[in-house]
Amino acid sequence: MTPGARTQAAIDLLDEIVAAAASGGAAADTLIARYFATRRYAGSKDRRAVRELVYAAIRQAGPVPPSGRAAVLAVADQDPAIAATFDGTGHGPAPITPDEPRAEGGVAPAWLVEALTASGLDAAQQAALVDRAPLDLRVNGLATTRDAVLEQWPDATVTPHAPMGIRLPNGTPVEQSDLYRAGLVEVQDEGSQLVGEALAAKPGEWLVDLCAGAGGKTLQLAAAMNNQGALLACDIDRARLQRLAPRAERAGATIIESRLLNPGREAEMLSDWAAKADGVLIDAPCSGTATWRRNPEARWRLTPERLARLGAMQTQVLDIGAGLVKPGGRLVYIVCSLLDAEGSEQVAAFLSRHPGWSTAPIEPGIGTLHGLGQRLDPATHGTDGFFVACLRAPC
């Protein structure tokens, strides 16, 4: 592909990504993969260049851009090499004309910036939400040690805070490595590892991962339990939960039971665990405002109405989880969001609905104290953003 053809490909992809954001369609990564699956002539350098330009344009645009061309023009205004590709030759984009619209810069749509500011995030913290994320892995303590993995992976370094975390250069083909195939490592951001430790899982306990998804934190709990005790992984999404079994087999995690739940019947389907769990982990469905480094176009998908629906789901799963905790047991609530509406305000509302419950300290401390919990953010801690709180059931 010529440089101009690469730029036009980025414009075409951004048009698809903008449309998908408005309609709830596929994510940018999926659309990029589909695009190149039908264009075998594009080499690896072409694919990489187009992908980098697409994501540069997404990260630079705060509100939804009017078009893919407007998004790339905003990049071209700051990059003469990109601007030079707008020459109208071959498969390249037409020349730039005076007063063409450009994508508006910024961190997010105005209403989200207001919400982030009200939640205590300054300009630098907000800007870091759309930086590029590092590539972090968690070493599987059931199978090896971090030192052993570091010896076999010369490019790896330790993460600053997570005891089983390592960091690799971006672009490292992790899933093609022998270490990954042998179940010695899992891809997991350091922040996710830290909040996953907040339940302080111990061997022999009965624990529930109520919103397990594909099981990243479930596997972390199994390792902390040293495969001793009972660990129930639940979700309402069949496709995501089905990914847990092969991951658990690869990791050697033998104590995990998976349970697919029907929406609206969760408490009924978990009645055999009522008031029996030593601890419940709730990695609740949320806006993902703190994971924009990985999915920057998610800023364009969120609306106040969707945020309200997510809040209702968070309230529901918290109440379901509370019914599973035995007297004196603990419930850890996690969201990968930095909006107080999904974090501290949800915890405050839970405590008002459940007299006798209280917040409990997380040891060792994670991130920065914030409201009724603790918070991680990319600018301050170098991780994805999270809010986490530990709640204790009355005895």
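The values are calculated or read from the model by the stated rules, or taken from the named source; none is laboratory data. Computed from a predicted model, the values in this text were never measured in an experiment. So basically every Cβ, Gly included, is an ideal-geometry build from the backbone, and we count neighbours across all protein chains shown. Calculation scope for accessible area: heavy atoms of the full protein, side chains included, ligands and nucleic acids excluded. Shrake-Rupley method; radii C 1.70, N 1.55, O 1.52, S 1.80 Å.
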Are there trypsin sites (Lys or Arg not before Pro) in segment 138-243 that DSSP puts in a loop and that have at most 16 other Cβ atoms within 10 Å, and which ones? ARG243
Between beta-carbons, use under 10 Å as the cut-off and find the net charge around VAL388, counting Lys and Arg +1, Asp and Glu -1. -1
Along the charge dipole of segment 190-392, Cβ charges K/R +1 and D/E -1, which of ALA212, GLY196, ALA312 sits furthest on the positive end? ALA212
Identify, among GLY43, PHE86, LEU121, the residue whose Cα sits farthest towards the positive end of the charge dipole of the chain, taking +1 on the Cβ of Lys and Arg and -1 on the Cβ of Asp and Glu, with the dipole about the Cα centre. GLY43
Taking every pair of Cα atoms in segment 1-148, average 1/r, invert it to obtain the Kirkwood radius, and report Rg/Rh to two decimals. 1.06
Taking Cα pairs closer than 8 Å and at least 6 residues apart, the relative contact order of segment 3-92 in percent is 47
What is the sum of charges around THR117, taking Lys and Arg as +1, Asp and Glu as -1, for the other residues whose C-beta is under 14 Å from the C-beta of THR117? -4
Taking Lys and Arg as +1 and Asp and Glu as -1, residues besides THR38 with C-beta under 15 Å from its C-beta add up to +1
Considering only THR145, LEU372, SER258, whose Cα is most displaced toward the positive end of the charge dipole of the chain, charges sitting on Cβ of Lys, Arg (+1) and Asp, Glu (-1)? SER258
Of GLY120, GLY68, GLY213, which has the largest mean-square fluctuation in a 10 Å C-alpha GNM of the chain? GLY120
How high is the relative contact order of segment 135-187, in percent, counting Cα pairs under 8 Å that sit 6 or more residues apart? 49
Excluding ligands, DNA and RNA, what is the solvent-accessible area per residue of the chain at a probe of 1.4 Å, expressed in Å²? 43
Could you list the square roots of 5 times each eigenvalue of the Cα gyration tensor of the chain, that is, the equivalent ellipsoid semi-axes, sorted largest first and rounded to whole Å? 39, 25, 19
Ranked packing of 15-25, 187-197, most packed first, by mean Cβ within 10 Å: 187-197, 15-25
Given the chain, what percent of its DSSP beta bridges are antiparallel, to the nearest 5? 60
In percent, what relative contact order does segment 190-392 have, based on Cα pairs under 8 Å that are 6 or more apart in sequence? 22
Taking Cα atoms, how many degrees apart are the long axis of helix 28-37 and the longest axis of the chain, rounded to 10 and kept between 0 and 90? 60
Give me the count of lysine pairs in the chain whose alpha carbons sit under 17 angstrom apart, restricted to pairs 8 or more positions apart or on different chains. 4
Could you please state how large a percent of the accessible area of segment 135-187 is carbon and sulfur, counting protein chains only and using a 1.4 Å probe? 49
Mean residue ellipticity (222 nm) of the chain, computed from DSSP H runs ≥ 4 via -39,500 (n - 2.57), nearest 500: -11000 deg cm²/dmol
If one takes the longest principal axis of the Cα atoms in the chain, at what angle in degrees, from 0 to 90 and to the nearest 10, does the Cα axis of helix 344-353 lie? 30
Whole-Hz couplings from phi, Karplus 6.51/-1.76/1.60, listed for segment 256-267; x for Gly and Pro: 8, 10, 9, 9, 7, 9, 8, x, x, 10, 4, 4
Calculate the dipole size of segment 3-92 relative to its Cα centre from +1 charges on Lys and Arg beta carbons and -1 charges on Asp and Glu beta carbons; express the result in debye to the nearest 20. 340
Taking the Cα centre of the chain as the origin, how large is its charge dipole in debye, to the nearest 20, when only Lys and Arg (+1) and Asp and Glu (-1) carry charge on their Cβ atoms? 680
Output wanted: per-residue J couplings in Hz (rounded whole) for segment 219-228, from phi through Karplus 6.51 cos²θ - 1.76 cosθ + 1.60, θ = phi - 60°, x for Gly and Pro. 5, 5, 5, 4, 5, 5, 7, 6, 6, 10
To the nearest 20 debye, what is the magnitude of the charge dipole of segment 83-177 about its Cα centre, counting +1 on the Cβ of each Lys and Arg and -1 on the Cβ of each Asp and Glu? 320
³J(HN,Hα) across segment 152-169 via Karplus (A = 6.51, B = -1.76, C = 1.60, θ = phi - 60°), whole Hz, x for Gly/Pro? 8, 10, x, 7, 7, 10, 7, 6, x, 10, 6, x, 10, x, 10, 10, 10, x
